[in-house]
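What follows is one structure encoded as structure tokens, with my remarks underneath.
The values are calculated or read from the model by the stated rules, or taken from the named source; none is laboratory data. In this text, all values refer to a predicted model and were calculated from it rather than measured experimentally. Neighbour counts run over all protein chains shown; Cβ positions are idealised from the backbone, glycine included. Ligands, DNA and RNA are stripped out before the accessible areas are found, and what is left, the full protein with its side chains, is counted by its heavy atoms. Shrake-Rupley method; radii C 1.70, N 1.55, O 1.52, S 1.80 Å.
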Amino acid sequence: MAPALREGRRYPRVMRPWTLTLVLAALPVHAQTVRTAAVRAPALPGGGNAAAAPGAGLAELPRDLFRSPAGAANGVLPAPAAPALRSLSAQVVAKVLAEDPGASASLVSSLEAAPFRPDLGDIADPQAWLAERLGEAFVPYFETYAAEVGHADAEAGMRFLLGTDPSAVETRRGLGRVLRAGSARSESWTYLYRDAKLWQKRLEEYLDGRIAEKRGGSRDLHIQSVGAAYGAEPYTLAMLTEDALKRAGEDPKAWSVRIDAADLSLMSLISAREGYYRDPQGNGRYFIPPSTDAALKREREAGRLLPTRAPGLYRLRPDLREWVRPLYLDLNDPRQHRALTARTPDVVFANYVLTHLRLGPAVRLAEHWLSGLWSDHGFLGMAQTLVAEVSKGGGLTAKGKLGGEGSFLRRVSLTVGAIGAAYAGESSEPWARLRDFLFANRSGAARAARRATAAYRESIRKDPFHAEALEPAALAALERLAAAHGVRAELTTSDSIAVGMTRDGAVAVGVGMLLPSAGSLERRLALLERLFPAYAAKAEKSPRGPPAAFSDPRFGEGTVSIFGTAVEGARLKAAVFPDGPRLLWLVPGRLAPISDAYVDEQPPAPPRPPSSGGGITVRF
């Protein structure tokens, strides 16, 4: 994972509105606050946004970030950026640097401090050199800008930005803030084949099968490395892909291989584009395992990492370098996710990323990847969470289990948005009025509903694919109340409430309120009718749109009427199927787990001294 997404970066709880067309701003490196691009939010299930006129000011990021992306929205984006788009993107970057001396100075300073700088020699015009190399990486950014603002396409958007319209000028000023934020130098301590024991063997097996599937057809492989890691992760994937093609008797040069290396650290992106790899140094802060030296020696002997004029600095072989495509992405802005989610890759390699994002964006990416809808047969690597194969058509058989009882739900809660949410003060835990805790929650109907909520949470703790029938009348009542009050209802597995409020302005309803096991339907409906309006008065207005299409091989085609949260990253769906509504999280056959084991290459911790004073000993 790219250190820029990992090291102590603090993100704001909500985005502030801007009058600029496109704005990003940041403070200097470490403990910095990043404001993501203030472009209009894409349409989400349950609501939409009309396209703005080209060059118009844009609305702020909505708080409705926990809504799951619709599978049908994940269409295929155009092929990699054509030379004309890369050239236009570079022209926009060059114009921004020419108009913003501060951004130019920050970028040049970061370049001079980059670990690969000693091998570059003299650069006559560093500003032009940087603009050319960043042009390719920023094409997806300008694609998002064009789509959100209402330009016909990315080319039209970039040509507009090169003009003199006041909105274009303001946008370029905002882009200067983007470049200053992204120029913050990242640490390049990460290394090749990191935690390979967890995923390497399974990825090799997948690639062997995928190449066999494609050798008589498209002969292409598309891999997403989410986190450029100064090139360490995409290079590792390039090496493994070449090995797999050779095992199959294929000429790697006869295949179209694309490895998207996504990051928001500009020096990390340039390093990945140029193919540089530095022998990692822990500098007393990080433990570098002995396997790193063995991997480096192996790749040097294989001629895939070539020595440079700088000690300890290597460069990826040119033909493998051509496979790596840098993408500038700030994953804390969900609108920029389209560069990942609107494509259909073969492999998603997203190790150590989600935990450092804000909660809302992390949840959306986790939902997309765990849905399995992004590939006809793909490989998913989320090192702290799980390794799995996916298929939007279903039919996959698990090659492993999701670990010990309850470990997967717990691991999701500890890895999806955990650190980013802590910095931003975010939580999916609902709250309720004190009088409701003291009185309403102690009523017979509320206690029965809370017990049913706890039982359901235990069920998905044991089996993430568990689906449970809902009471149709209870679901219909909740939908009616949400529509009548113009607010969003959010299901929760927190058994502390029957009805309350989420942290992002929705009315929270315990899932037990909709379950037949919660006893008297009449009493639950009366409680819902009494409590819902009280919280709806405090909730944000959110007009309901049409239900999102959804399917499950167990129950057929249906629609999702209400979403919910079990823990951070575990998105529940109250889905209506032909034989009735059900509550579920993951869909079997689309996500086939291989393992959720976490491989920690850190040295063993020294033994703790025995407790001498009695009391309680807590083990972690």
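Checked against (1) farther than 25 Å from residue 99 by Cα; (2) modelled with pLDDT under 95; (3) touching a strand residue (DSSP E or B) at 6+ places or on another chain (Cβ under 7 Å), residue 180 meets all criteria but (1). Does residue 205 qualify as being of a type in the set (D, E, K, R), buried (at least 20 other Cβ atoms within 10 Å of the Cβ) and more than 22 Å from residue 365 (Cβ to Cβ)? Answer is no for this residue. Of the helices (runs of 4 or more DSSP H) lying entirely inside region 431-498, those containing at least 2 residues that are open to solvent by 50 Å² or more (accessible area, probe 1.4 Å) and touching a Leu at 6+ places or on another chain (Cβ under 9 Å) are 444-462. Answer yes if at least one residue in region 325-339 is part of a loop (DSSP other than H, G, I, E, B) and open to solvent by 10 Å² or more (accessible area, probe 1.4 Å), and no otherwise. No, region 325-339 contains no residue that is part of a loop (DSSP other than H, G, I, E, B) and open to solvent by 10 Å² or more (accessible area, probe 1.4 Å).
Which of the residues that make up region 122-148 are free of Cβ contacts under 8 Å to residues at least 24 places away in the same chain and farther than 17 Å from residue 93 by Cα?
122, 123, 124 - these are the residues of region 122-148 that are free of Cβ contacts under 8 Å to residues at least 24 places away in the same chain and farther than 17 Å from residue 93 by Cα.
In this structure, residue 360 does not qualify as open to solvent by 10 Å² or more (accessible area, probe 1.4 Å) and of a type in the set (Gly, Ala, Ser).
Can you confirm whether residue 467 is closer than 17 Å to residue 516 by Cβ and free of Cβ contacts under 8 Å to residues at least 12 places away in the same chain? In short, no. Scanning region 384-413 for residues that are among the aliphatic types (A, V, I, L, M) and modelled with pLDDT of 85 or more, we see that the one that is most open to solvent (accessible area, probe 1.4 Å) is 396.
For region 149-168, filtering for residues that are in contact (Cβ under 8 Å) with a residue 12 or more places away in the chain, part of a helix (DSSP H, G or I) and open to solvent by 10 Å² or more (accessible area, probe 1.4 Å) leaves 6.
Is it true that residue 381 is open to solvent by less than 10 Å² (accessible area, probe 1.4 Å), closer than 24 Å to residue 457 by Cβ, outside any loop (DSSP other than H, G, I, E, B) and touching a Lys or Arg at 6+ places or on another chain (Cβ under 9 Å)? Criteria not met by residue 381. The listed residues are 476, 534, 506, and the only one of them that is over 18 Å from residue 567 (Cβ atoms) and in contact (Cβ under 8 Å) with a residue 12 or more places away in the chain turns out to be 534.
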